[in-house]
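A.B. asks: Dropping a structure here in C-alpha cells format, bear with me for questions.
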Amino acid sequence: MKLKKHSQIVATLLMVAGVHVAAPSYAQTIYKADTGAPGGSAHSMMVTYAKMAKRSGVNIQINASKTLTVSTYQAGKGKIQFYTGVPFFYKAMKKRIAMYKKKKDAPEVAKKIRYIFSYPAGLTHFLVYDNSGIRSFKDFKGKKIFLGPPAGGATWEAKVQIKAGSGYEAGKDYQGVILNWGEGIQAMKDKKIDVLVRPIQLGSALIEQFGLTNTFRLITLPEKALKSKAIGELLNEPDYMLTEVQPNSYRGQKNTKPVTQLGYYLFVGTQSMVPEDVVYKATKKFWENLKEVQATAVFMEDLNKNTAFAAVNGPLHIGAYKYYKEAGFNIPAVAVPPEAK
C-alpha cells in the first residue's frame, strides 16, 4: 500500500513539473494568422481553414484587416505563421519589384514563403453612384478615388489599372485616397469619394449594401486597358484573369451590359519554419471536410483538387506537400518544396 501511494505521489509531481510531455506540443501552441477584413473572401477562407485546423488540434489565432503585402513579408521574417497572400507578391518579393522594391532583404525573405493552396477569390470592383455621371475610366479625371490601404498590393493594382485604362496618374490627374478597407467603404457611403475600388468576391454584401439605399454602376475595364502592356503582364501571372459581372448581379446595380473586371486568386500560406506535422494535420483536416468548406460561401464552391494549385508559383510547405502526395493530388513541379528534393 505504501509503495502504491508513493508511486501515485511521484506521478503527480512529474505531471506538475511538466515532465508529462507525451501530447504533441502544437496542441498547446497558438499560431498567428493575418488576413483581410471581415466580409471578404480572404477573411472567410482563413477563418474556415482555422476552424478545420482546430479540429486537428492546431490552434490558429486570426488577426483581421491586415495589409496582405505586409503580412506576406512578416511571414517570411518568421513573425507570423499563417497568412493570406497573393501569388504575385511571392514573385515581386523574389525579384524585389513593385511593392517590395524598397525591401533590400525581400529575395532572402521570399525563400521562407510556403504555399498551402490557392483559390479563385474575387474581382476588382470599380464602383460609382449612378447619379455621379461617371460612365468610364476617362471620367475619373479630377475625381477622388479610393485605391486601398497604405502599402497594400490592391492599391498598387488599382493604380496600374487606372493608368492602363485612362493614362491618368494618382496625384496628378486624380486624387488617390488611401485608407484602410473599412474607412474606404465608409467614405463611399458618406459620399466623400467619387469612386470605390474594392477587390472582393462577386456577390459580396459589402458591395450590395450600396444598392440598398442608392443605385450604382460598375465601371468596365476599357479596351485600351485590355490591350495595354501593364494589364497583359498581370494576365501572364497565374493569379490574374479577366472576368465578367452580369447586369443585375447586385441589388441596385444599373449596368445594362456585362462589365469586364480583373479577377484574381489568393492563397492560404505559411512559412518554412512552421513544423511539418502542424501544417500536415491542419491541411489534411481541411480537405477531408471539403464539402463543408464549399458550403461556407459561394466562392468556395470552386475550390477542389484541380484549382488548389492553379495559381501556385512557389513551393508548398512540406507538411502540405506530404498530405497532397498521400491524397493523390497532381502537384506541379514548381510547387515541390526544397525540403522534398
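A.B. asks: Helix-only mean residue ellipticity at 222 nm, the chain, DSSP H runs n ≥ 4 weighted -39,500 (n - 2.57), per residue, nearest 500. What is it?
C.D. replies: Values: 14 runs with 123 residues, N = 341.
It comes out at -10000 deg cm²/dmol, rounded to the nearest 500.
A.B. asks: Taking 0.36 nm per intervening residue step and subtracting the Cα-Cα distance, what contour gain separates V336 from A187 on full extension?
C.D. replies: Here the segment from V336 to A187 would lengthen by 49.2 nm.
A.B. asks: Taking only the alpha carbons of the range 53-151, what extent do you get along each of the three principal axes, in Å, biggest first?
C.D. replies: 53, 38, 21
A.B. asks: In whole angstrom, note down how far apart the Cα centers of the range 38-79 and the range 117-136 are.
C.D. replies: 25 Å
A.B. asks: Of A98, A42, A158, which has the largest mean-square fluctuation in a 10 Å C-alpha GNM of the chain?
C.D. replies: A98
A.B. asks: Something else about it: Roughly how many debye, to the nearest 20, is the charge dipole of the chain about its Cα centre, given +1 on each Lys and Arg Cβ, -1 on each Asp and Glu Cβ, and no other charges? Intermediate results must be reported in sequence, preceding the final value.
C.D. replies: On the way: 48 positive and 25 negative charges, 161 e Å.
Approximately 780 debye in magnitude.
A.B. asks: Please report, in debye to the nearest 20, how large the charge dipole of the range 123-264 is about its Cα centre when each Lys and Arg carries +1 at its beta carbon and each Asp and Glu carries -1 there. Spell out each step's value before the answer.
C.D. replies: Numbers: 19 positive and 14 negative charges, 101 e Å.
About 480 debye.
A.B. asks: Which pairs, out of K91/K143; K103/K285; K111/K322; K79/K101; K94/K159; K189/K229, put more than 24 Å between their alpha-carbon atoms?
C.D. replies: On the way: K91/K143 32 Å; K103/K285 36 Å; K111/K322 19 Å; K79/K101 21 Å; K94/K159 22 Å; K189/K229 34 Å.
Violating the 24 Å Cα-Cα cut-off are K91/K143; K103/K285; K189/K229.
A.B. asks: If I take all pairs of Cα atoms in the range 68-220, what percentage of them are more than 27 Å from each other?
C.D. replies: Values: 3377 of 11628 pairs.
For the range 68-220, the share of Cα pairs beyond 27 Å comes to 29 percent.
A.B. asks: Next up: Which residue, N180, L234, I193, has the largest displacement toward the positive end of the dipole of the range 123-264 when charges sit on each Cβ (Lys, Arg +1; Asp, Glu -1)?
C.D. replies: Ranked along the dipole, the leading option is I193.
A.B. asks: Using the Cα atoms of the range 240-311, I'd like the radius of gyration and the largest Cα-Cα distance, Dmax, both in angstrom.
C.D. replies: Rg then Dmax for the range 240-311, in Å: 17.0, 52.
A.B. asks: Largest first and in whole Å, give the semi-axes of the chain's equivalent ellipsoid, each being the square root of 5 times a Cα gyration tensor eigenvalue.
C.D. replies: 43, 21, 19
A.B. asks: Take the Cα radius of gyration of the range 118-181 and divide it by 2.2 N^0.38 Å, with N its residue count; two decimals is plenty. All intermediate terms of the calculation are to be shown ahead of the outcome.
C.D. replies: Values: Rg = 12.2 Å, N = 64, 2.2 N^0.38 = 10.7 Å.
That ratio works out to 1.14.
No value in this document is a laboratory result; all are computed from the given coordinates. If you're wondering where the values come from, they're calculated on a predicted model, not measured in any experiment. Every residue, glycine among them, receives a Cβ derived from its backbone with ideal geometry; neighbour counts consider all protein chains shown.
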